[in-house]
Amino acid sequence: MSEQLVLSEKRGKVGLLTLNRPKALNALNNEIMQALSDALLAFEQDEGIHVIVLTGSGDKAFAAGADIKAMQSWSYMDVYKSDYIGGFWETMKTSIRKPVIAAVNGFALGGGCELAMMCDMIIASESAKFGQPEIKLGTIPGLGGTQRLTRAIGKAKAMDLVLTGRFMDAAEAESSGLVARVLPVENFVDEVVKIAEGMAAFSSPVLMMAKQCVNAALETTLEQGLQYERRVFHATFALEDQKEGMAAFVEKRAPNFKNM
Ligand code: HXC
């Protein structure tokens, strides 16, 4: 049997997905992206899972980019038709409503950095390295590297990374606003799962609503975003979990969310 390209593991209410091509530094090809899409959709449909964590196997890489060996001879039509370039983001955007945390444990380069940026939050280990080195290969980022990176870290740094191909370490990525937190290498994934478990203890529909509102900030004007947030805030008052959360606070006890 061939090795699984994406390992899928349930840890309580957290779904842990691991890109699993360690010998190729988890380089991304059509097959691994299809496997990742399928695994994400399976967790999305699993009501027991509230938060998803995505990481890379081995201790060197989250993903060192699109698979250069697979791509090198592609024609214009091959790249045009390739499913994962357009298709994967469509899946993430329209079908994955649960929060996805990228646990970046090493190189996140090219498509690997872009994949991390498609997630809702990036947590990096101290050994993480981010970059968009496509310029060195005679091409440019194709999965959002010029767009999401610029929104995340601003034009000056994005231009620097995209035009020089240099890598950014975890400390610089944190101070630039690309990553939410940096954690030690030791027990890195377990520590990210702990953070995810903390989130997963909250109401699943409210987590999804909150994620959707933050993401809307990148797609709308401020006025539209504020209106959208207000409507979703109103909607939380239709949930039993809002009643439970506030009752628990008033009664000085832990809430028991029912995810409804
Ligand atoms: C295919 C890759 C790969 C990649 C590493 N490998 N990155 N294979 N595609 N993107 C393979 C190597 O060929 C090698 O296998 C093994 O992984 C280990 O890599 P080494 O280079 O020996 O390791 P090291 O010297 O430690 O260097 C690590 C590295 C380097 C700095 C990460 O591998 C590197 O620069 N990789 C390419 C990074 C990159 O350019 N990414 C952007 C890709 S373009 P073998 O069998 O040869 O020993 C892209 C465009 C996306 O992502 C656009 C949308 C689709």
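The values are calculated or read from the model by the stated rules, or taken from the named source; none is laboratory data. As the structure is a computational prediction, the values presented were derived from the model and not from experiment. Quick reminder, even Gly has a Cβ in these numbers, built from the backbone with ideal geometry, and neighbours come from all protein chains shown.
List of remarks:
- Restricting the stretch 1-23 to residues that are in a loop (DSSP other than H, G, I, E, B) and within 16 Å of the ligand (Cβ to nearest atom), the residue that is nearest to Glu197 (Cα to Cα): Asn20
- Only listed residue being outside any loop (DSSP other than H, G, I, E, B), more than 10 Å from the ligand (Cβ to nearest atom), over 30 Å from Glu47 (Cβ atoms) and in contact with a Cys (Cβ under 9 Å, 6 or more places away or on another chain), chosen from Leu178, Leu163, Leu149: Leu149
- Here Glu134 fulfils each of the conditions (1) closer than 14 Å to Ala64 by Cα; (2) in a helix (DSSP H, G or I); (3) touching a Leu at 6+ places or on another chain (Cβ under 8 Å) apart from (3).
- Being outside any strand (DSSP E or B) and without any contact (Cβ under 8 Å) to a residue 40 or more places away in the chain holds for only one residue in Ala235, Ala196, and it is Ala235.
- The stretch 79-115 - residue that is of a type in the set (Gly, Ala, Ser) and modelled with pLDDT under 95 and, of those, farthest from the chain's Cα centre (by Cα): Ser82
- Residue among Gly144, Gly165 that alone is at positive phi, touching a strand residue (DSSP E or B) at 6+ places or on another chain (Cβ under 8 Å) and touching a residue at least 24 places away in the same chain (Cβ under 8 Å): Gly165
- Failed item, numbered, when Tyr228 is tested on (1) loosely packed, with under 12 Cβ neighbours inside 10 Å; (2) in contact with a Ser or Thr (Cβ under 9 Å, 6 or more places away or on another chain); (3) aromatic (Phe, Trp, Tyr): (1)
- Residues of the stretch 63-73 satisfying the condition of being surrounded by 13 or more Cβ atoms within 10 Å (Cβ to Cβ) and either free of Cβ contacts under 8 Å to residues at least 12 places away in the same chain or farther than 19 Å from Cys113 by Cβ (or both): Met71
- None of Ile123, Ile135, Ile101 is aliphatic (A, V, I, L, M), in contact (Cβ under 8 Å) with a residue 12 or more places away in the chain and either surrounded by fewer than 21 Cβ atoms within 10 Å (Cβ to Cβ) or near the ligand (Cβ under 10 Å from one of its atoms) (or both) except Ile135.
- The criterion of at least 2 residues that are more than 13 Å from the ligand (Cβ to nearest atom) is met, among helices (runs of 4 or more DSSP H) falling completely within the stretch 24-89, by 30-45, 76-81.
- Per-region count, the stretch 115-127, residues within 19 Å of Ala196 (Cα to Cα) and either in a loop (DSSP other than H, G, I, E, B) or aromatic (Phe, Trp, Tyr) (or both): 3
- Any chance Ala158 is crowded, with 19+ Cβ neighbours inside 10 Å and assigned to a strand (DSSP E or B): no
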